[in-house]
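The values are calculated or read from the model by the stated rules, or taken from the named source; none is laboratory data. The model shown is predicted, which means the values in this text are computed figures rather than measured ones. Positions of Cβ are generated from backbone atoms using ideal geometry, with glycine treated the same way; all protein chains shown enter the neighbour counts. All accessible areas refer to the heavy atoms of the entire protein, side chains included, with ligands and DNA or RNA removed. Shrake-Rupley method; radii C 1.70, N 1.55, O 1.52, S 1.80 Å.
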Amino acid sequence: MAKLTVSDLDVKGKKVLMRVDFNVPIKDGVIGNDNRIVAALPTIKYVIENGGKAILLSHLGRVKKEEDKPGLSMRPVAERLSNLLNKPVTFVPTTEGKQLEDAIDGLNDGDVLVMENTRYEDVKDGEYVKRESGNDPELGKYWASLGDVFVNDAFGTAHRSHASNVGIASNMAQTAAGFLMEKEITFIGGAVDNPEHPFVAILGGAKVSDKIGVIDNLLAKADKILIGGGMTYTFYAAKGMKIGNSLVEKDKIDLAKEILDKAGDKLVLPSDSVVAEKFDNDAAHKTVEGDIPDGYMALDIGPKSVAEFEDVLKDAKTVVWNGPMGVFEMSNYAEGTLEIGKFLGTLKDAKTIVGGGDSTAAVQQLGVADQFSHISTGGGASLEYLEGKTLPGIAAISDK
Ligand code: AMP
């Protein structure tokens, strides 16, 4: 069933609690990259332009001891948000109590308040009590009491049951998705539940073990699964091919065999690889077909594989991509990932979805991010979504 979204709510005059993802990189109080704050603006603006009082909660980093707190304050985030919105934002340096409650009572329609890092609640009097991360029922109930409605726009934490997402939602009459969350549900949820065919998944990255759940789930739904990256060579080993010094998960070879048997020709492995003598951008390297020669490790898919993958992708109507095709951090082994990224950007009739993590970095590096239908904001959350798991943060959003 479709989920309630913020545009279904009448927010006028309401205290709108909003779980946003303001988990930005921050060092010595300086924000490294404000993408996540920028990404949250549409939902925040919608609420305040429609006369709601926006009360924003987010976690920032991991708080495990008292000393972690000062460096992980939300204050600089509130300041940046104020600059981006071009209006004052009230920052409250606490997560509960009278100061917070009074500040909320003093809000006018259209005002914005940011409370302190929700994970400050994980440490009380020096003890690591995990009230936020452990979804302490009293904490979720308390936060819920501060607002009239709840909007969850933090997809990146949707795979976790925390007090600030699931805890609040379970104490609220109505929880709606924000626009970012809505887009994740539409695209990733849509691909998993109801894809337009042909549906092609491209899975790369280092390890089979990280992607096993995704492969399993998508084998039942996709028309083809293209495999690249380091996990290729565990599959090569399972087929009895030579892998030289390539990355391999020996304890996953049997599992890889089972997957190959089950998948038949649905699963496509690269036919050629760029191999190097060392894990080093400057090492001697060459392209080989099939077996990886002794003394070499495979660090990228080769040009023939790229062409074969593109041939499968060109007719796709839905594409999900998760994980690089090679060690794209090194320029000599980045070609496979970059070529696939570029090609996906040219597919105009397909829904193209990048499932977070390193493939997102590759797409951004290429400057083609705006040519994709959807680039997920959550690494772990998008993987679990692709595995077909129910994400507690999404399950807790009200149905329409
Ligand atoms: P993941 O986080 O599982 O998506 O894996 C991403 C990492 O896999 C990147 O840091 C890549 O450098 C690495 N990777 C991709 N292909 C290979 C390969 N053939 N050998 C070793 N590492 C690889």
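Observations, loosely collected:
- Think of a 1.4 Å ball rolled over the protein heavy atoms: the range 350-400 then has 38 Å² of accessible area per residue.
- Gained length - LYS69 relative to SER145, 0.36 nm times residue gap less alpha-carbon distance: 24.9 nm
- Cross-link check: pairs LYS224/LYS286; LYS14/LYS400; LYS27/LYS65; LYS53/LYS98 evaluated at a Cα-Cα cut-off of 22 Å; pairs beyond the cut-off: LYS224/LYS286.
- For the range 71-99 versus the range 324-354, the gap between their alpha-carbon centres in whole angstrom: 38
- Separation in nanometres of the label points that stand 7 Å from Cα toward Cβ, at HIS197 and LEU219: 1.8
- DSSP bridge pairs, the range 6-181: antiparallel proportion in percent, nearest 5: 20
- Accessible surface, the range 6-181, averaged per residue in Å² (probe 1.4 Å): 41
- Taking the 1.4 Å solvent-accessible surface of the range 6-181 as the whole, the part contributed by carbon and sulfur is 45%.
- Residues in the range 283-332 average 40 Å² of solvent-accessible surface per residue, probe 1.4 Å, ligands and nucleic acids excluded.
- Neighbourhood net charge (9 Å Cβ-Cβ; Lys/Arg +1, Asp/Glu -1) for HIS374: +1
- Rounded Å value of the spacing that divides the Cα centres of the range 291-307 and the range 194-232: 20
- Carbon and sulfur %, accessible surface of the range 194-248 computed with the full protein complex present, 1.4 Å: 47
- Residues ASP399 and LEU107, FRET efficiency given R0 of 25 Å [Cβ-Cβ distance, rounded to 0.05]: 0.30
- Estimated FRET transfer efficiency when R0 is 30 angstrom, pair MET241-ALA361 (beta carbons, to 0.05): 0.50
- Extension gain (nm, one decimal) between ASP315 and ASP125, 0.36 nm per residue minus Cα-Cα: 62.5 nm
- Report summary: the helix-based calculation at 222 nm, which adds -39500 (n - 2.57) for every DSSP H run with n ≥ 4 and divides by the residues of the chain, gives -9000 deg cm²/dmol.
- Exposure ranking of ARG119, ARG131, ARG80, ARG19 by accessible area [1.4 Å probe, largest first]: ARG80, ARG131, ARG119, ARG19
- Max mean-square fluctuation residue, GNM over the chain, Cα-Cα springs under 10 Å, options VAL30, VAL38, VAL129: VAL30
- The chain: angle of helix 208-219 to the longest principal axis, Cα-based, in degrees nearest 10: 90
- Distance between the 7 Å Cα→Cβ label points at ALA2 and LYS389: 2.9 nm.
- On the basis of the beta-carbon distance and an R0 of 25 Å, ARG62 and LEU84 show a calculated FRET efficiency of 0.50.
- Tensor-based shape of the range 235-340 (alpha-carbon gyration tensor, a/c under 1.5 rounded, otherwise prolate or oblate): oblate
- Other residues within the sphere of radius under 14 Å centred on the Cβ of GLY13, judged by their own Cβ, net out at -2 (K and R +1, D and E -1).
- Here the range 270-310 exposes an accessible surface that is 50 percent carbon and sulfur, computed with a 1.4 Å probe and the other protein chains kept in place.
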